[in-house]
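Asks: My structure is below; once you've seen it, I'll send some questions.
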Amino acid sequence: MAAWIEMIGDEQASGRLKELLDKARTPHGTVDTVMRVHSLRPESMNGHVVLYRSVLHNPDNTLPFWFLEVVASYTSILNNCEYSLTHHFMNVRRLLKDEPRSDRIFAALKAHRPEAEFAGKELALLRYAAKLTTDVGKMVRSDFDLLKAAGADDGEILEVNQVCAYFNYSNRLLNGLGATTEGDVIGFYKPDED
């Protein structure tokens, strides 16, 4: 784990911090830097964990999980956040289980050309996430109306809005504190056992 900010390790943690570090553990049993950077103010870690899980890992989401991870990755590309991109595009790869397609999606997003791999509703949602990330002050009703015309329902729009908003928060947290993936287990999922 590496960042510019002081982080308290498991061996020094006690009380509420220990409780919240345990709550923030990944399926791998580790606490990623994205959560550990909060260790000097544990309640912000608690809020972060709750927000992250309610936005990205909500069983009520209807958009495919791999696509929400694409939204997370594209937001992170637009913010130059290598930390989130590294973690969340690995999730895209693992969920899609199609390396050539994953490679094409990655190249399209890095080139800021999602239209090279997406069309219709997915493309409209990615363009919405891009504008929400880079030009939030210029959002207008017609941006929302374009999503509806492309076939997105209000719940899907909210899902993308929240994933994009969360990653804008997280990207600023990570970049602003100099967080790196050093020591993290990359990606949310355990490797397949088969």
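Asks: Taking the condition farther than 24 Å from L147 by Cβ, aliphatic (A, V, I, L, M), surrounded by fewer than 17 Cβ atoms within 10 Å (Cβ to Cβ) and touching a helix residue (DSSP H, G or I) at 6+ places or on another chain (Cβ under 9 Å), does A116 pass?
Replies: No.
Asks: Name the single residue that is farthest from Y166 (Cα to Cα) among those in region 20-47 being part of a helix (DSSP H, G or I), without any contact (Cβ under 8 Å) to a residue 60 or more places away in the chain and touching a Leu at 6+ places or on another chain (Cβ under 7 Å).
Replies: P42
Let's see how each residue does on (1) in contact with a His (Cβ under 7 Å, 6 or more places away or on another chain); (2) aliphatic (A, V, I, L, M):
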| residue | (1), (2) |
| --- | --- |
| A3 | no, yes |
| S14 | no, no |
| L21 | no, yes |
| H38 | yes, no |
| V50 | no, yes |
| W66 | no, no |
| N79 | no, no |
| R93 | no, no |
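Asks: Give me a count of the residues in region 145-194 that are modelled with pLDDT of 95 or more and assigned to a loop (DSSP other than H, G, I, E, B).
Replies: 7
Asks: Among (1) part of a helix (DSSP H, G or I); (2) buried (at least 19 other Cβ atoms within 10 Å of the Cβ), which single condition is S142 missing?
Replies: Just one mismatch for S142, condition (2).
Asks: Shifting gears a bit: Step by step: first the residues of region 46-93, then only those that are among the acidic types (D, E) and farther than 18 Å from R172 by Cβ, then the one that is surrounded by the most Cβ atoms within 10 Å (Cβ to Cβ). Which residue is that?
Replies: That would be E69.
Asks: Also, I was wondering about something else. Among the numbered criteria (1) in contact (Cβ under 8 Å) with a residue 12 or more places away in the chain; (2) among the acidic types (D, E); (3) over 30 Å from M7 (Cα atoms), which one does D98 miss?
Replies: Every condition holds for D98 apart from (1).
Asks: Looking only at region 11-23, which residues are surrounded by 14 or more Cβ atoms within 10 Å (Cβ to Cβ) and out of contact with any Lys or Arg (no Cβ under 8 Å at 6 or more places or on another chain)?
Replies: A13, L17, K18, L20, K23
The values are calculated or read from the model by the stated rules, or taken from the named source; none is laboratory data. A quick note: this is a predicted structure, and the numbers were derived from the prediction, not measured. Heads up, the Cβs are rebuilt from the backbone with ideal geometry, glycines too, and the neighbour counts pull from every protein chain shown.
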